[in-house]
Each structure stands twice: as C-alpha cells, then as structure tokens.
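Computed from the coordinates by the stated procedures, all read-outs in this text should not be read as laboratory data. Because the structure is predicted, anything quoted here is derived from the model rather than measured. A quick note on method: Cβ atoms are made from the backbone with ideal geometry, for glycine too, and the neighbour counts reach across all protein chains shown.
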C-alpha cells in the first residue's frame, strides 16, 4: 500500500514538473525580457550609473496640448517655442489647423498660441531684441505622381506694357494658341511693367517684358488635357492694350509630381507677449529656407522652394530688423534647401555642405566660404563622403573662438537608403582649411541631433540609418563628443527614436530637450504608416548628478562687447570656465544659432568678473545664457544677459 502511494506521488510530481517546464518553455522569452527590462531599469536608475552616463526622462503633454512639432526655439524668458504649423499633415493643412505651443520646462505648463499661417517648414533665427524671426512656410502640399489628376505646371506671364504693371487674379484662364487647351491659375500674380532699354545715345531699342510666374492646372481631370511642348497662351478676360501686351508661355503641363510650394509670409514672434507679429513679406516665396545672422545684425534668407514648387534660383535676400523690410542681395548664389550656414569671425559665411536636400544634386552642394557682399565663394577640400551630406548635422564646436566645426553623419540624396557614420572636422582658422575625418559613429546616421553643452562637450543623439527611419532603423544611442580629445563617449541610451523633423534644445538648467520625429513607416516590414512622435524626452547630463554645482547670481542684465560685468558666486575660487551660449533655434537637426563663446574672467572671494570679446561677428547681438563651470566640470544654472 505504501509503495503504491509513493508511486502515485512520484507520478504527480513528475507531471507537475513537466507542466512547469512546459510553461517555462512557452514563456521563457517573455520571462527573459521581463527580467532583462527590470534589470535594465534598475541599472540605469542607479546613482553611480547616472553620474557616469546621465539619464533620460519622457515628458508627455496632456492630449489637448500635443502637436507634431517641426521647429523649436529657446526664448530668453526660459520658455520653449514649439511650432508645428500643419505638422506635415495634409488633413491639418486642408482644415487650416495650424499649431504653436509655448512650453515652460520649469513650471511644466503648456500654452496654445494662435498661428497665422502654415509655418510647417519655415525658417527662423534669434533677433537681437529677443524676438524670433520666422519666414516662409507652406502654401500647398506636394502631390506624388499617380495622385495628380489635373494636368498643370508653371506658366510664365509676360507684360510688354512699359507704362503699368498688371495683376491677374486667381482663377485667370490661359488658352493655348496652338493646343487650344485651357488652364486656370491657382493664385493671383502681379506682373511688373516692361523695362525700356536704350542704347548709349539714348535711342530706344526695345522693351524687356515684365515677368510673373504662376501655377496653373486644367479645369478637368485626365491625360487628354496634358501638353507636350511649349505654347503661347492668351489671357482670357483681357481687352484692348492689356490683351495685346499680356500673354503666357508654358512648357509641358502634365500629370507629373507636384512639389511643395512656399509662402512669402514673415513674422516676428514676441517672446514676452507670446504672439506673432506680421512683418514685411519676403521678396521670394520660400519652403525650407535657412535664416542666418549677418555681422551687422541683419538676417540673410536663402534657398527654399518657391510658390510654384521650384527651387528659388539663387535670389537671396536680407531682413533689416530696424525697418522690418526685406531687400535682395543683388547677387545670385544657389543652395539646396536648409543649407547649414554659419557666421564666421571675419563676417563671411561658412557653408558646411549639410542640407535638407530639395534641389539638383549637382548645384550648390559643395562646402565653402561665402562673402555675401562680393558673392565670392571658395570651396573647401577634403570632405569625406561628399555625396552623403543630405540630412547630416553641423555644429560649431566650443569654444567658438577656435572656429572648428564638426559635421556628423548624413545620407544620400532624396529617399536614398544610404547613410554614413563618418564625422568630419574643419578648422577655419588654419592657413588652408580642409576637412579631416573625426571619430566614427557605430552606424550610418541620418538626422543626428547635436547640442553644445556648457561643459564644452557636444551631445550627439538619435537619427536613423535609413531614410525617415525606414525598416525600423532608428538609432537609440547617445554620445558626448569631447573636442579637446576628439573622441566620443557613449552615454545612456534614449528611449524614443528620432529621425526626420526632429531636433534638440539646450535648456537654461543644463538639460537637453529632444522633440519631433516623422517616420515614414511604423514597423520593420514597412507596411504600416508611421505616426509622428509627439513626446518630449529630456536628457540630464552626468554633470547634474554630482554633489553640487557652482552658484551664479546678480550681475548686470546687459553686457556690451568689450565690457565687463561682476556676478556673485559662492564658488568663485573653483570656477575654471565661463561661457556665453546663444540659445538654440532648431529645425531638421539644423541649428545655426547655437554657439558657445569663452569669456575671460577674474575671480574674487565671492564673485567673478567676466569680459565679453569685442568681435561682433563672434558675438552677434542678442540674448545669451551665461554659464560658469567649476573644477569638476560642473556648470551652474544659466543667467540671462543681453549683448546689444
């Protein structure tokens, strides 16, 4: 009897063991992942890990305040301006649902701001008074070939009347003289009067017609409305002299892809009143332009797609903040969209070759130094992977006086799957500047985000290997670049992938904000549409996990170039560096505003006295964050000062 009982217990034990092992086999991967994730969370939250690698934290706004942030800029109030416009969303555009948010990273509050135009893919830069200049945006979304149902394209309108310009309203019909087909304008167009041309004796030779450009399309859908050759078009509704003097000329009007179209609108964003102020519109419509500060405080605007979807043909212009008016430079220099342009200490412009890419692959892509006044352009040699500069990032390394730039990653033209993990360095103070290779990233990286930190390192994070994160190729890695040793240091990994339409912003407390990401697909197999990343992620660098940070308080609110100012600090004897950092204005991983300027200083028992360099090109007028670093490399919180 006892033997049978023992055998029954053994069978039950064996059966139970088998069930447990079977369940463990079925759930082993899950149990492993669960255990691994728990251990990972435990590791990254250990104080010693944070002190070595930093830490990431996700911020999610309340649902009613979320948006598809395309652009962001730090305002001198300490708040962050986040601009979506239509957010690369056709439905938002059609409904004229344009968004802007103001986020206070200290209080955690979010505020909606009325947005006057579609500022999706605008350009922007910091102004001397503390406002942000914003120019360009979206007039019309692209249509891919196959989605275009009405034949259309560019109509060049001529006005041969030297006595007056003529305005043709939206809906104006143009009928081909040879093909007999009618096309209708989508927008109004102002055609200047003709210019009289005389010889040296004053004898009239001819009238050069005024030219206007307008997008037209057929009234009805179908291939039978396409045209294959150039034709002259009569303008319907005109009579008399206007009918004789005004006509259109167009090449092929077909069902090809229609690119995005830009707007001329320009605004100042008032950082204190937190509202848009309309200013004089640009001369040219621009979608994906770059705005860059010049030596006299005026703002240069270049590139972009125009109001008919073509690359602006090198017609650059300048905004004067005093008059709030735009004027042409008078010189032609063409770049692809969103070129990375930086003001040099000699007043010239450095073009790194980084760009967002719309435009011919053989026009205006070579890096070089540009004198805007004379239009002289000197190409710079030695660039590695020159055909993989689209969607690369460029940063002016600290301190700005050294005038060294780091170019990070990049990809092939258009929707290419090619990318590079190379970085390139160039020293513009050298007798013969040329690019040299820096340390490589682990993977080919498009859209890398880069932010200069107050301890003179550069945080490089995110990006993707393929175009817009295709194939689930987002790179969840972050590194600190050390300019003094030309090395990368791997730090804590971000939790959120960032690719197209992403950027990063240094905050006044020394943390870094990451925003955006517009993946093409939502899965590795590229079968589900991507979803725009609306979460913010904050990186807290290792220096904020040390025992204490130096204090900085008091002092003047204004520091002129060449002038000195005294600030209170209980840690004055330990301070080793003082930096002025220009606040970021980031878009498409391009941030031409950020620069970290080393200041000379002297320390007393409980204060420091700092001196601002005299060079206005090195220190453009505007608001700056003043940081001090102690002998442990720990920065203070920022004090805001204005350089007039």
Report task. Can you bin segment 411-475 into rounded, prolate or oblate? Criterion: square roots of the alpha carbon gyration tensor eigenvalues sorted a ≥ b ≥ c, rounded for a/c under 1.5, prolate for a/b above b/c, oblate for the rest. Result -> oblate
Report summary line: Protection proxy (average C-beta count within 10 Å per residue), highest first, orders 458-469, 171-182, 81-92 as 458-469, 81-92, 171-182
Report summary line: Per the rule of 0.36 nm per residue minus the C-alpha distance, extending residue 322 to residue 387 adds in nm 19.4 nm
Requested in this report: For the chain, state the semi-axes of the equivalent ellipsoid (square roots of 5 times the eigenvalues of the alpha-carbon gyration tensor), sorted largest first and rounded to whole angstrom.
Outcome: 49, 36, 21
Report task. Could you sort 590-596, 426-432, 347-353 so that the peptide with the highest average Cβ count within 10 Å comes first and the rest follow in order? Result -> 590-596, 347-353, 426-432
Query raised in the report: Cα centroids of segment 235-270 and segment 451-498: how far apart, whole angstrom?
Result: 44
Query raised in the report: What value, in deg cm²/dmol to 500, does the helix sum -39500 (n - 2.57) over DSSP H runs of n ≥ 4 give at 222 nm once divided by the residues of the chain?
Result: -3000 deg cm²/dmol
Query - Separation of the residue 523 and residue 476 label points, Cα + 7 Å toward Cβ, nm - result: 1.9
**Report entry** Burial ranking of peptide ranges 103-111, 254-262 (average Cβ count within 10 Å, highest at the top)
**Finding:** 254-262, 103-111
Query raised in the report: Based on the Cβ-Cβ distance of residue 402 and residue 113, what FRET efficiency does E = 1/(1 + (r/R0)^6) give at R0 = 45 Å, to the nearest 0.05?
Result: 0.75
Requested in this report: Just grab the label-to-label distance for residue 170 and residue 563, each label 7 Å out from Cα along the Cβ direction, in nm (one decimal).
Outcome: 4.9
Query - Förster radius 45 Å - calculated FRET efficiency between residue 443 and residue 606, Cβ distance, rounded to 0.05 - result: 0.40
**Report entry** Calculated FRET efficiency for the pair residue 570/residue 415, C-beta based, R₀ 35 Å, to 0.05
**Finding:** 0.05
Query raised in the report: Between residue 224 and residue 106, 0.36 nm times their residue separation minus their Cα-Cα distance comes to what?
Result: 36.4 nm
Query raised in the report: At q = 0.11, 0.13, 0.15, 0.21 Å⁻¹, what log₁₀ I(q)/I(0) does a Debye calculation on the Cα points of segment 152-250 give, no solvent, two decimals?
Result: -0.35, -0.47, -0.59, -1.00
**Report entry** Paramagnetic label zone (point 7 Å from Cα along Cα-to-C-beta, residue 244; backbone N under 15 Å) in segment 180-212
**Finding:** 207
Report task. Could you work out how far apart the two model spin labels at residue 366 and residue 160 are, taking each label as a point 7 Å from the Cα in the direction of the beta carbon, and quote it in nm? Result -> 4.1
Query - Cα gyration tensor, segment 397-545 - rounded (a/c under 1.5), prolate or oblate - result: oblate
Report summary line: Binned at 10 Å starting from 0, the alpha-carbon pair-distance distribution of segment 564-643 in whole percents comes out as 18, 50, 26, 6, 0
Requested in this report: Express the relative contact order of the chain as a whole percentage, based on alpha carbon pairs under 8 Å and six or more residues apart in sequence.
Outcome: 12
